[in-house]
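Report on the following structure.
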Amino acid sequence: MEYRLLGRTGLRVSALGFGCGAVGGLLVRGDYAEMIRAVARGVELGVNYFDTAAIYGAGLSETNLGRVLAELRPDVLVGTKVMIREEELDDIPAAVIRSVERSLSRLRRPQVDLIQLHNPLAVAHQPGRSWLTAPALAVVGEALERLCEQGKARFWGINGIGETAALHAAVELGQAHTIQCCYNLINPSAGQPVSPGFPFQDYAGLIDRAAGQGMGVIAIRVLAGGALSGSTDRHAHAAATVEPIATGRDYAEDVAHARRFDFLVQEGFVGSLVEAAIRFALAKPEISTVLVGISDLAQLEQAVEFVARGPLPPADRPAMKSSPAMKSPGY
Ligand SMILES: NC(=O)c1ccc[n+]([C@@H]2O[C@H](COP(=O)([O-])OP(=O)(O)OC[C@H]3O[C@@H](n4cnc5c(N)ncnc54)[C@H](OP(=O)(O)O)[C@@H]3O)[C@@H](O)[C@H]2O)c1
């Protein structure tokens, strides 16, 4: 397993991170024996970062991860998140403290390595939505700093979801230690320029900007929630429906976009679209860890195998550049 620096935290994280979210679903809907087997195998193969959140499975992901880690006692890093609901906006510090205390209790730990704001960011307040503006983010940052001082967390981060201008402004402040960024073959705009007419949200090089500020970058949605498997079939543990983030209107549209990369398999660059997607994210050195949402042990073992094959060769490779997928608008 390759290890990379998580920005200025100084932590060394495995290039593959274990996604404990509800989309992959193993830590939410799996059976306990399989969770234990998968986490133990992940640790054995060198995975040392586990990413969860208070809202994944309404606390179930944290509860299950806490139980598994208490039993296995591996030396790993745990990151979780706090989502502030709209009705909590009038007392953000209290909401942050309440959420983190509950997370620690579910995780059975006195401290997490990373506490991340889960809310998307926006330039202006949007009634009915829990997207946070700069003043609210400043209050969250102070509260998370205080929790770090108290030893409840070692470092804190933000979520790279929301309006591009708000995300860049937050990164420019240089306060948070980490950021989670969407980065995949369908929407690579957080890590590479896209041409005019690009059909999805343009994150405008958010990853590079964050890394330039010394932030650790955690890649999310690397498989577009599973669409980059190229199939609409869902695993029994996986979320039955997946809401795209910064890609198509729905999952089926994302699968259709994913199939434009079939040439990578047909031309022998990789053995599968999943391999292509994971190795594509790995090729961005500014990314500290590539999260994959895991549905079962086999998916975890495959992800480790793909990471071991190393980064996908650069996208300017002649054969890739001349392919229909790369020539289409926006790529
Ligand atoms: N900060 C945020 O707001 C945010 C948002 C999203 C995710 N995240 C984090 O990022 C992690 C990963 O993201 P994600 O779960 O949303 O999506 P993802 O990693 O892009 O996709 C996960 C899906 O990929 C499929 N998959 C994984 N390995 C596979 C394999 N070997 N072969 C075929 N299909 C495979 C599975 O689909 P099937 O089960 O149907 O096979 C799984 O449900 C989450 O667990 C979470 O920790 C954070």
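Spin-label pair GLU145-GLN192: with each label point 7 Å from Cα along the Cα-Cβ axis, the two points sit 3.8 nm from one another. Our coupling estimate for the stretch 98-111, obtained by passing each phi through the Karplus curve with A = 6.51, B = -1.76, C = 1.60 and θ = phi - 60°, is 4, 5, 5, 4, 5, 4, 4, 5, 5, 7, 6, 10, x, 8 Hz, Gly and Pro reported as x.
Between the amide H of CYS182 and those of ILE220, distances stay under 5 Å, these residues lying 5 or more places away or on another chain, with hydrogens modeled in the peptide plane. Of all DSSP-defined beta bridges confined to the chain, some 10% are antiparallel rather than parallel. Here the extension length gained between GLU88 and VAL123 equals 10.7 nm, from 0.36 nm per residue of separation less the Cα-Cα distance. For ARG106, the shell of other residues with beta-carbons less than 12 Å away shows a net charge of +2, using +1 for Lys and Arg and -1 for Asp and Glu.
Taking amide H as placed 1.01 Å from N in the peptide plane, the amide H of ASP113 sits under 5 Å from that of VAL78, ARG154, each at least 5 places away or on another chain. Between SER231 and GLU305, the contour length at 0.36 nm per residue exceeds the alpha carbon distance by 24.6 nm. According to a simple spin-label model (label point 7 Å from Cα along Cα-to-Cβ), what is the distance in nm between ALA283 and ARG12? Label-label distance for ARG12 and ALA283, simple model: 2.7 nm. Computed over the stretch 3-327, the alpha-carbon pair-distance distribution with 10 angstrom bins reads 6, 28, 37, 23, 6, 0, each value a whole percent. Working note: Karplus 6.51/-1.76/1.60 with θ = phi - 60° gives the stretch 56-67 the couplings 5, x, 6, x, 5, 4, 5, 4, 5, 4, x, 5 Hz, where Gly and Pro are set to x. Model label points for ALA40 and THR241, set 7 angstrom from Cα along the Cα-to-Cβ axis, are 3.8 nm apart.
Once the Cβ-Cβ distance of ARG98 and ALA138 is raised to the sixth power relative to R0 = 25 Å, the FRET efficiency obtained is 0.85. Cβ-to-Cβ counts within 10 Å put SER272, SER14 in ascending order as SER272, SER14, the fewest first. What the phi angles of the stretch 280-294 give under the Karplus curve with 6.51, -1.76 and 1.60, with θ = phi - 60°, is a coupling list of 5, 5, 4, 6, 8, x, 6, 7, 7, 9, 9, 7, 10, x, 9 Hz, glycine and proline written as x. Near the amide H of HIS118, within less than 5 Å, lie the amide hydrogens of VAL82, MET83, ILE84, all on another chain or at least 5 residues away, with H placed in the peptide plane. Comparing ALA283, ALA15, ALA190 in a Gaussian network model of the chain where C-alpha atoms under 10 Å apart are linked, the largest mean-square fluctuation is found at ALA283. Just checking the listed ones, GLY59, GLY42, GLY197: in the Gaussian network model of the chain with Cα springs under 10 Å, the one fluctuating most is GLY197.
Read-outs throughout are calculated quantities, based only on the coordinates presented, and are distinct from any laboratory measurement. Note that the structure is a prediction, hence the values are computed from the model and not measured. Reconstructed Cβ throughout: ideal geometry from the backbone, glycine too, with neighbour counts over all protein chains shown.
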